[in-house]
Every structure is written in C-alpha cells, then in structure tokens.
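First the structure, in the form of structure tokens, and then the observations on it.
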Amino acid sequence: MPTRTSDRTTVQQYVKVFGDYPAVLARAPGRINIIGEHTDYNDGLVLPMSIERCVMAACGPSKGNTIRWYSDRYGCAEFDVKASDPYVGTGWTAYVAGVIAGIRDQGIQIPPLNIAITSDIPPGKGLSSSAALEVAVALSILEYVDVPLEPVVIANLCREAENHYVGVPCGIMDQYAALFGICGHAVFIDCMSGDFQHIPVDDSFVFVLYDSEEERALVSSGYPDRNRECREALAWFADRETTILSFRDLEISRLFEHRGEIPEVLFRRTLHVLTENRRVLKTVSALNRRDDSTVGRLLFQSHRSLAHNFGVSTQSLDNLVKKAWESRYICGARLHGGGFGGYTINLIPQKNVSRAHEIMGQNGIEVRSGKGAESWRI
Ligand code: GAF
C-alpha cells in the first residue's frame, strides 16, 4: 500500500515536480458499495459509502502554454492549451483529458496550469479510484479558475469523461459517491431521478473487504458486455410494451410472464436488475433498524444473483463468499463493485472482526465510515 495521501504529501509532490507551490487543493474519496450492483446504468438504486482513502489534486499556474498533470502512480502528460481537443492518449491520461474537455464544454476557459495528483486508493479493485481521480481533478480546476459548478453537473461531466474518453459505459454511482459522500453515512441514490439521501451507518456495522487477488480493468472486463445486454433486454420489452421506457416500469411478475420468449440470458440480466433494486430498498430499511442479520442475508442474495443471473463473479470471489457463508462470524458477503475480480464486501459484527480475519486467512480492509469530498484554497 502506498503512503497515505494527504494535503502535505500532495503539496510536496507538486513542489517537487513543478518547483513552486500550488494555489488550490482538492480531495475526492473512493467508495465501497454496500449494495446495488450494476443497477446505476439501468436507472436503478444504489447504496455506496465513501471511504477515507482518496485522490488529491493540487493545481497552480504554469508559465508555459500547456496544461500538465503528474500522477505519483502513472507519471506525466500534457497538452497545449490552444489545442481544440485535449485527448492525449489512453489509460489514465484519458480520465484527466476527458474532465478537461467536459469543463471546457461548460464554456469555461482553462488557462495554462499544472496539476499534481496523489492517490492511496488501490486501482483495479472496485473502490472507484477512477471516479475519485475525475472528481478531484475537476474540483481542483474549478476551484483554481474560481467558477462554481453545481455538484450534479460536475458528477455528470466526470461520468461523460469516463463514458466517452475512457470508453467505460459506467453509471453515475461512483461520481455521486465521490461528491456527496459524508462521514458515517451511506448515500442512497436513485439513478433515474438523481435524487439521493444520506443513510446513517453506525459503528455496529463493520464492512470488511477481502481480496480475491484478481485485478480487473472495467474497460477490458465483461462490464461493457453486461451494459449492452441490459440495453438489449430493455429494448426487447420496450418493443412489446410502449409503457416500458426503463427497467423501473417493469414488474418482476411481468418479466416472468415473458420467460421462454425473451432470450434466457436477457431474462437473467433483467431479473438481477429488478431484484437488486428491491434488495437496495430492503437494505436501507434494515440499516435504519440496525438489523445486521437482514443486511447480511441481502448481501448473500445479491451475490447469488450477481453470480448466477448477471454472470460477473469468478471462482476466487465465489470461494471467498462461500467461506464467509460457512463462517458463523460473518453476517453476509458478496462480490463488490463491477465484479470480475477485486474484493468481496463482508458485514461483520465488530466483536467478530479478528475471528473473521483468521477464518478468511487475510486481514481485510475495515471500513467504518467515510469522509466527503472537499476542496479548499491554500
Ligand atoms: C463500476 C462502475 F463504474 C459503476 O458505475 C457501477 O456500474 C459498478 O461498477 C457496478 O455496480 O464501479
């Protein structure tokens, strides 16, 4: 694990690379997702919670004609401010370039500047390191040019950067979590309306992430295929029933009436989305009642659905969830994030955490509460 990211390490990084002090500093946290997987790009419900690991971006003036950015993890990139398209390549630079393009599309002029980026969110593990990068860069640039944009507009432009520049057809969950996460609360988001609500998560709930030791990049995983299959399934229903414009217009009973007509794989993808939305609602009420055994049961159900109906699990993730199921110390577990590797998320009563670690054979990352996004002038 790299050194924990802080304002001090980020300013030091900036000074080391650009030889001067930055003018502004912004922070965006990573997130866990308690439940609601692959529902955000289907107009569904999600329940992420921000974590203390974050991306920080320090921004300051440049004497040249370029926008330059440096990441402690990936190195340096730049483009000429006069160039019409800041696209400078693939990989991590595409995230930053996409955010810059999105800010310019809002009619905001960006002068030559330098950005130093630090992060302590492990990449490729489903903790939303990409959205945190996008949001931290956007907040730092907007703070620097002193143009306030509505957080919802920032979330959308960051998502578009990922959709169009990076090529991941992701939903809005991760960008919302990075912008609206607050300490000790999950964010219950309706991805159709964009409405969200903070749900208190008290200390009796400890979420632990166990590592499958499989890394995955969303863009090259089966994620885009799942997105396409969901669009096909929705189109199948919309062709037959004009009242169905979104999965939210479809009842589970109606879906079953069409079983046998709709291709089975599309039936299963849809079944996951519809049942996962229900599980999110049930989890919100169980959290409000502090009912950890119900939350745990819902996590196991979610895993079964993600594995059997949505097809995003792996052998290692299944094994970790099976181990958790067989242990009496863990209330619930499921694969976390987009799947195809990364972590499982486990709900463990505080008093059982060390016994659970022994059984799972690893220490796990314990998440109790989070910090929201902030940006401030130095
Ligand atoms: C990734 C995506 F970026 C999110 O938008 C979401 O779809 C998630 O996978 C799966 O729930 O984190």
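Structure summary
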read-out	value
The range 164-179 - residue that is farther than 18 Å from Ile35 by Cβ and among the aliphatic types (A, V, I, L, M) and, of those, nearest to the ligand (Cβ to nearest atom)	Val168
Of all residues making up the range 54-75, the number that are at pLDDT below 90 and touching a strand residue (DSSP E or B) at 6+ places or on another chain (Cβ under 8 Å)	2
Matching residues, the range 17-53, being outside any strand (DSSP E or B) and more than 14 Å from the ligand (Cβ to nearest atom)	Val17, Phe18, Gly19, Asp20, Tyr21, Pro22, Ala23
Residue among Ala161, Ala116 that alone is within 14 Å of the ligand (Cβ to nearest atom), over 30 Å from Asp291 (Cβ atoms) and not in a loop (DSSP other than H, G, I, E, B)	Ala161
Unique residue being outside the structural domain of Thr270 (by TED's automatic domain parsing) and on the phi > 0 side of the Ramachandran plot when the list is Gly19, Gly60, Gly64, Gly44	Gly19
Candidate set: the range 110-128, residues that are of a type outside the set (Val, Ile, Thr) and closer than 30 Å to Asn65 by Cβ; chosen: the one surrounded by the fewest Cβ atoms within 10 Å (Cβ to Cβ)	Pro111
Single residue of Leu218, Leu209 found to be within 16 Å of the ligand (Cβ to nearest atom), in the same structural domain as Gly339 (by TED's automatic domain parsing), within 21 Å of Tyr343 (Cβ to Cβ) and in contact with a Cys (Cβ under 8 Å, 6 or more places away or on another chain)	Leu218
Odd one out for Ala186 among (1) outside the structural domain of Pro122 (by TED's automatic domain parsing); (2) under 26 Å from Leu287 (Cβ atoms)	(1)
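The values are calculated or read from the model by the stated rules, or taken from the named source; none is laboratory data. None of the values given here were measured: they were computed from a predicted structure. Cβ coordinates were reconstructed from backbone atoms using ideal geometry, including for glycine residues, and neighbour counts include every protein chain displayed.
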